[in-house]
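Heads up, the thing below is written out as structure tokens.
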Amino acid sequence: MSELTLTVMRLGFLAVLWLFVIVAVQVIRSDLFGTRVTQRGSRRNADARPQQTRQTTAPPQQRQQASGGRQRRGAPTKLVVSEGTLTGTTVALQGQTITLGRAHDSTIVLDDDYASSRHARIYPDRDGQWIVEDLGSTNGTYLDRTRLTTPTPIPLGAPIRIGKTVIELRK
Amino acid sequence: MSVVTNTTTIGAIEAPSRRNTELALLAFAVVIPVFAYLNVGLALNGEVPAGLLGYGLGLGLLAGVAHLVVRKFAMYADPLLLPLATLLNGLGLVMIWRLDQSPRLIQRAKTLFGGFSPDAPKQLLYSAIGIALFVGVLILIKDHRILQRYTYISMAVSLVLLIMPVFFPAVNGAKIWISLGPFTIQPGEFAKIIIAIFFSGYLMVKRDALALASRRFMGLYLPRGRDLGPILVVWVMSILILVFETDLGTSLLFFGLFVIMLYVATERTSWIVFGLLMSAVGAVGVATFEPHVQQRVEFWLNPFAEKTWEQSEQIGQALMSFGSGGTLGTGLGQGDSDLIGFAANSDFILSTFGEELGLAGMMAFLMIYGLIVERGVRTALAARDPFGKLLAIGLSGALAIQVFVVAGGVMGLIPLTGMTMPFVAYGGSSVIANWALVGILIRISDTARRPAPAPAPSPDAEMTQVVRP
């Protein structure tokens, strides 16, 4: 066997051995993250996001359009619980759907005897307007004084009443 | 979807079984030793070795059987444990075969024992028995918590296993063997698994008493006198092993294992402090009057002393072989580690790897052991029952201590002790016991990673009160 072949084999073997170790570590890595984060955004949003990062110096008007109106001026940024056992709780509004109810997997778990386990949800529509929808609750969801029957846009600062809990959207 | 939402969904991945990942890694783990075998053959004889096909098929068959059994009986087991163990076993086989080809060792065997028989086929047989035991463990132990029933039985069994070698003649200065007819067995290898079962069963019951009933003194939580009992018993036992069986490695393994498991069970740092103090006292005490241990320390400090070169030659040669390996090694089959002579393919097999694969290969090697231990600890973290947690920690801790003791001894970091490198070294008891150990770890990891049963329907679903107008 020529010296060269043996040298190549020697280095090749070390490389293969280390490759195995690296592959094994990759398997551990994929194993570590038990949860998967998926963006179920609109195509428009998916396209818009890179654009938005590129056009950081673009005028605000254009940027608003690019982000699908999600960051409109005057849009609420947080949801605040103003009455009930959870008074003071805030949830940042980042385009996610917020579920309210006594079920343990709700975004806001209501500790309220008059709330249903899946009571209502709050989500942004196509234009970034936040909508509240009653999910067939026992005692109903009230926006100001009216009981909701259809998904309704939420004005800034309007109280949404669920059982003894009142929440509102704020800037 | 007509309603365009910008929802980020965070959901648990549907508990993947990862069996296909395991299969792919396993194939990789079989190919590497075949490559090594080819490399050794080309380097030694300049031709493709005749046994290449048979060897590759043999290893592949063993790995395949193990994989199928895991697929059937431990669906959700950790995907890494089996490939890592297979790779180590395969590389060990290649190295033993490589040392079988060494003219020096053949000559030595002929002059000393009047004949030479290659060890590699025997090791392949032991590996097959080991895999059979692995399969047996997976089939018979459906749930690791069954082992909990045998807590005190395992204490008795491990005591018997540890004490038995005293009644058999010493082999090469250490009484760690028992002979049953044509077979010699190293009971310590099996005892380490059984004693881990005892420790986990015992500590699971007693850990609250050990952790909470304590007084604070100088920033340490001192346990009550009566809770100190068990650690004292284990300490005395390991000292007795050291004195009567002159087996430093086993005694270190048992005491270290107990301290690790005590620490994990109670979260008290004081146990580590106690353990280190007690082992220091024990080691110094025994070393002052036990000549065998004294000698080992002497060889460790001065391996190249002219006066004792006859006896410390092994250690000196092992150090030289690590040195001549350098960073990238001399290449498989091209080293001179066979100068070590006695036990070149068992206790000292690591120095052959060190010489022929160099520092780079050695690091990869230790990394593979580290990954096995990591998977064990990870299994312990994921396990849902305290017994399984402690057992997984105990087994991986035992493996870690053993690797440390052997590698440290061969590399001259600590005095050399007569222990074998798990999976790699030649020796039936070691290979068989370690396959059983991996089998139990796979069983625990299967239970730990199995998706939890669906939660019971929420009790408050029906309880919403109706507002009466």
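Each peptide in B:52-63, B:274-285 was scored by the mean count of other Cβ atoms within 10 Å over its residues; highest first, the order is B:52-63, B:274-285.
For the segment A:138-147, counting C-beta atoms of other chains within 10 Å of every residue's C-beta and taking the mean gives 1.
Using the Karplus relation 6.51 cos²θ - 1.76 cosθ + 1.60 with θ = phi - 60°, the per-residue 3J(HN,Hα) values for segment A:139-150 come to 9, x, 10, 10, 10, 6, 10, 9, 6, 6, 10, 10 Hz, with x marking Gly and Pro. This model, with +1 at the C-beta of Lys and Arg and -1 at the C-beta of Asp and Glu, gives chain B a dipole about its Cα centre of some 1440 debye. Hydrodynamic analysis of segment B:19-451 uses the Kirkwood radius over alpha carbon pairs. Inserted into Stokes-Einstein at 10 °C and 1.306 mPa s, it gives a translational diffusion coefficient of 71 µm²/s. Its Cα gyration tensor gives segment B:110-200 an equivalent ellipsoid, and the semi-axes of that ellipsoid, as √(5λ) in whole Å with the largest first, are 30, 20, 8.
Secondary-structure-derived ellipticity at 222 nm for the protein assembly as shown, considering helices only, amounts to -19000 deg cm²/dmol, per-run term -39500 (n - 2.57) for DSSP H runs with n ≥ 4. Could you let me know the centre-to-centre spacing of segment B:324-354 and segment A:95-171, using Cα atoms, in angstrom? Computed from Cα coordinates, the inter-centre distance equals 72 Å. The charge dipole of the protein assembly as shown, taken about its Cα centre with unit charges on the Cβ atoms of Lys, Arg (+1), Asp and Glu (-1) only, comes to about 2520 debye. Chain B packed on chain A takes about 4700 Å² of accessible surface away from a 1.4 Å probe, both sides summed. Per-residue shielding of A:18-30, expressed as the average number of other chain Cβ atoms within 10 Å of the residue Cβ, stands at 6. The phi torsions of segment B:422-439, fed into the Karplus equation with coefficients 6.51, -1.76 and 1.60 and a -60° offset, translate into couplings of x, 6, 8, 6, 6, x, x, 4, 4, 4, 5, 5, 6, 5, 5, 4, 5, x Hz, rounded to whole numbers, with Gly and Pro shown as x. Starting from the exponent 0.38 and prefactor 2.2 Å, build the expected Rg for segment B:255-308 from its residue count and divide its actual Cα Rg by it. This ratio for segment B:255-308 stands at 1.55. Mean per-residue shielding of peptide B:360-368 is 4, counting Cβ atoms of other chains within 10 Å of each Cβ.
Gyration tensor analysis over the Cα atoms of the protein assembly as shown returns equivalent ellipsoid semi-axes of 60, 32, 22 Å (largest first, whole Å).
Note on residue A:111 and residue B:149: with the Förster distance fixed at 56 Å, the Cβ-Cβ geometry gives a FRET efficiency of about 0.85. Checked against a 22 Å cut-off, the cross-linked pairs B:192/B:389; B:175/B:307; B:72/B:389 give Cα-Cα distances beyond that limit for B:175/B:307; B:72/B:389. Each peptide in B:162-169, B:246-253, A:3-10 was scored by the mean count of other Cβ atoms within 10 Å over its residues; highest first, the order is B:246-253, B:162-169, A:3-10. Given axes a ≥ b ≥ c from the Cα gyration tensor, I'd like to know whether segment B:360-452 is rounded (a/c under 1.5), prolate (a/b larger than b/c) or oblate. Here segment B:360-452 falls in the prolate category. Spatial offset of segment B:26-46 relative to segment B:243-286 amounts to 40 Å, using the alpha carbon center of each.
The values are calculated or read from the model by the stated rules, or taken from the named source; none is laboratory data. Here the structure is a predicted model, which is why all the values come from computation and not from measurement. Here Cβ is always computed from backbone atoms with ideal geometry, including for glycine, and neighbour counts include all displayed protein chains. For the accessible areas, the whole protein counts, side chains as well, though only heavy atoms, and no ligand, DNA or RNA atoms are used. Shrake-Rupley method; radii C 1.70, N 1.55, O 1.52, S 1.80 Å.
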